[in-house]
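Working notes, beginning with the structure itself.
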Amino acid sequence: MHELTLAEIARGLADKSFSSEELTGALLARVKQLDPQINSFISVTEELALGQARAADARRAAGENGALLGAPIAHKDLFCTLGVRTSCGSKMLDNFKAPYDATVVAKLAEAGMVTLGKTNMDEFAMGSANESSHYGAVKNPWNLEHVPGGSSGGSAAAVAARLLPATTGTDTGGSIRQPAALTNLTGLKPTYGRVSRWGMIAYASSLDQGGPLARTAEDCALLLQGMAGFDAKDSTSIDEPVPDYSASLGGSLQGLRIGLPKEYFGAGLDPRIAELVQASVKELEKLGAVVKEISLPNMQHAIPAYYVIAPAEASSNLSRFDGVRFGYRCEEPKDLTDLYKRSRGEGFGTEVQRRIMVGTYALSAGYYDAYYVKAQQIRRLIKNDFMSAFEDVDLILGPTTPNPAWKLGAKSSDPVAAYLEDVYTITANLAGLPGLSMPAGFVDGLPVGVQLLAPYFQEGRLLNVAHRYQQVTDWHTRAPNGF
Ligand code: GLN
């Protein structure tokens with residue numbers, strides 16, 4: 001049963017080939033058996049899952065038939081889950097049991113999804129390798145000596161290893177698309193405001209967005225349907241009707257105008273990835289798309305701007321973890337200052353502390369204009385680049401990452417080397433645009449992703465293009481050895 005996609009599971013549950021309880025039991029056994037190799041779960045919620053599965057079977061017996069009813073899910077461990085540890089990958093929140101469900105968790109539970117557990121992640125979602133978790137690094141199922149990408153690395157590795165068909169992730173600078181690319185999955189970062197952030201522990205509030213990770217675009221459509229929608233509890237949620245994403249699959253690509261930004265194919269890109277990206281373009285041309293070169297001239301400023309804005313927002317968001325209001329508290333503090341210092345010093349890992357320092361510095365009086373305001377100006381230029389590009393094209397295509405998955409530890413002593421891996425993904429977050437990564441081949445046995453970007457609220461277009469591509473290619477069907 002572990003080989004089934006979410007869509008296949010929906011059909012199997014609907015025609016009663018198996019019950020949710022049987023499926024849940026089988027997947028939980030698989031998690032127990034295989035996860036020790038990859039470390040993709042922080043918590044497995046066996047009792048909760050079996051209870052939800054029985055409830056889903058009862059709802060189905062009573063005549064309900066939603067596509068997600070009884071299907072399995074696991075949440076990145078920054079989505080608050082009532083009564084379940086929600087650690088954010090940090091010692092700081094190791095003992096935090098959320099007193100409520102995040103909107104995403106509540107919506108998927110109402111749709112009848114069964115929560116198998118909470119997935120591993122980079123501490124506070126800061127990272128591209130999933131090596132900074134308090135609960136240990138996650139391994140890439142395609143090669144256990146390599147990273148799975150981050151920060152939603154646990155969510156990606158679990159699906160890639162066929163422990164379950166789909167998971168939730170969040171994407172602040174690429175953390176859905178990048179691990180999807182590195183583990184041969186389809187991952188979608190929705191338009192900022194499309195999916196509620198309520199109950200999602202904040203990293204950089206103006207960039208964070210939750211979304212689905214799965215093997216196929218068809219599955220991402222099903223999951224996004226359950227996650228998307230206006231939420232009065234999130235002041236940045238946007239009150240736009242949610243289209244039927246599954247219905248948008250299968251539309252013709254005849255005449256679809258695809259732009260290839262020349263800046264995406266310059267120095268730094270592994271030439272073998274460039275070749276695979278070009279091959280994917282050929283496939284889309286065969287389906288009727290027309291391709292032209294475009295330019296996003298301010299892209300070169302994206303990494304410096306992002307690595308000012310994200311830490312600045314993080315330094316503010318993470319100030320609540322002080323050992324008093326939230327989070328870990330040190331043993332026997334001498335006085336209040338000692339309590340703050342040691343609680344934060346012992347509770348946060350190195351990368352989180354680095355970002356808090358950078359962010360606090362960038363926001364400090366005297367430097368604010370030089371760094372933070374400057375970065376915000378660049379952010380606007382990047383958005384403007386996209387707006388003018390989308391006057392001529394319907395979709396932008398390029399590589400998701402410059403390199404395939406690297407070896408564990410290879411970049412951990414050089415943060416800037418890791419930051420550079422985000423070069424193609426962070427612009428979508430700075431502009432708030434939706435983006436998708438889909439499997440497009442292999443380099444040295446490691447998966448490669450192609451990224452698609454679309455105008456605001458065109459998630460349906462991204463899913464349709466990826467779905468049509470997946471109908472004529474089989475990269476997304478390949479499974480790692482041993483899983
Ligand atoms: N790698 C980026 C960072 O470290 C993006 C992380 C994310 O999207 N959560 O900030």
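The values are calculated or read from the model by the stated rules, or taken from the named source; none is laboratory data. From a predicted model like this one, the values you see are computed outputs, not experimental measurements. Every residue, glycine among them, receives a Cβ derived from its backbone with ideal geometry; neighbour counts consider all protein chains shown. Calculation scope for accessible area: heavy atoms of the full protein, side chains included, ligands and nucleic acids excluded. Shrake-Rupley method; radii C 1.70, N 1.55, O 1.52, S 1.80 Å.
Points to keep in mind about this one:
- Estimated vicinal HN-Hα couplings, Hz - region 199-209 in sequence order (Karplus 6.51, -1.76, 1.60; Gly, Pro = x): x, 9, 4, 6, 9, 10, 4, 7, 10, 4, 8
- The mean accessible area for residues of region 273-391, using a 1.4 Å probe and ignoring ligands and nucleic acids, is 54 Å² per residue.
- Extreme residue, positive dipole direction of the chain, given options 318, 437, 475 (C-beta unit charges): 318
- Ignoring lysines fewer than eight residues from residue 292 along the same chain, the ones with Cα atoms less than 16 angstrom from its Cα are 262, 282.
- Between residue 29 and residue 282, the simple label model (points 7 Å from Cα in the Cβ direction) yields a spacing of 4.5 nm.
- Spin-label model distance (nm) - residue 380 vs residue 85, 7 Å beyond Cα toward Cβ: 4.6 nm
- Relative contact order of region 371-483, defined on C-alpha pairs under 8 angstrom at six or more residues apart (%): 27 percent
- Computed over region 1-59: relative contact order in percent, which uses C-alpha pairs under 8 Å that are six or more apart: 43 percent
- Note on residue 477 and residue 235: with the Förster distance fixed at 41 Å, the Cβ-Cβ geometry gives a FRET efficiency of about 0.50.
- The portion of the accessible surface of region 286-347 made up by carbon and sulfur, rounded to a whole percent, is 52 (1.4 Å probe; DNA, RNA and ligands excluded).
- Charges were assigned to the Cβ only: +1 to each Lys and Arg, -1 to each Asp and Glu. The resulting dipole of region 226-323 about its Cα centre is roughly 360 debye.
- FRET efficiency for residue 144 and residue 16, using Cβ-Cβ distance with R0 set to 25 Å, rounded to 0.05: 0.10
- Partners for residue 91 among lysines (Cα-Cα distance below 29 Å; same-chain residues under 8 apart left out): 32, 76, 107, 118, 139, 189, 233, 334, 341, 407, 411
- Farthest toward positive dipole pole in region 344-390 [+1 Lys/Arg, -1 Asp/Glu at C-beta], among 376, 347, 390: 390
- Relative contact order computed over the chain (Cα-Cα under 8 Å; 6+ residues apart), in percent: 18 percent
- Positive-end residue, the chain charge dipole about Cα centroid, Cβ charges, pick of 37, 403, 83: 83
- Charged side chains reduced to their Cβ positions (Lys and Arg at +1, Asp and Glu at -1) give region 87-163 a dipole of some 160 debye around its Cα centre.
- Kyte-Doolittle mean at least -1.0, axial Cα span of 30 Å or more - DSSP H helices of the chain: none
- Cα-centre dipole for the chain with unit charges at Cβ (Lys and Arg positive, Asp and Glu negative), debye to 20: 240 debye
- Antiparallel bridge percentage (DSSP; both residues within the chain; nearest 5): 70 percent
- Rotationally averaged projected area of the chain (alpha carbon convex hull; nm²): 21.6 nm²
- Sum of side-chain charges, residue 415 neighbourhood, beta-carbon under 14 Å (Lys, Arg +1; Asp, Glu -1): -4
- Given R0 = 45 Å, the distance between the Cβ atoms of residue 353 and residue 254 translates into a calculated FRET efficiency of 0.30.
- Within region 25-131, the chymotrypsin sites (Phe, Trp or Tyr not before Pro) that combine a DSSP coil assignment with at most 14 other C-beta atoms in a 10 angstrom radius are 100.
- When you filter the GluC sites (Glu not before Pro) in region 55-160 for DSSP loop state and at most 15 other Cβ atoms inside 10 Å of their Cβ, you are left with 64, 145.
- Label point distance in nm, residue 61-residue 244, each placed 7 Å from Cα along Cα→Cβ: 3.1 nm
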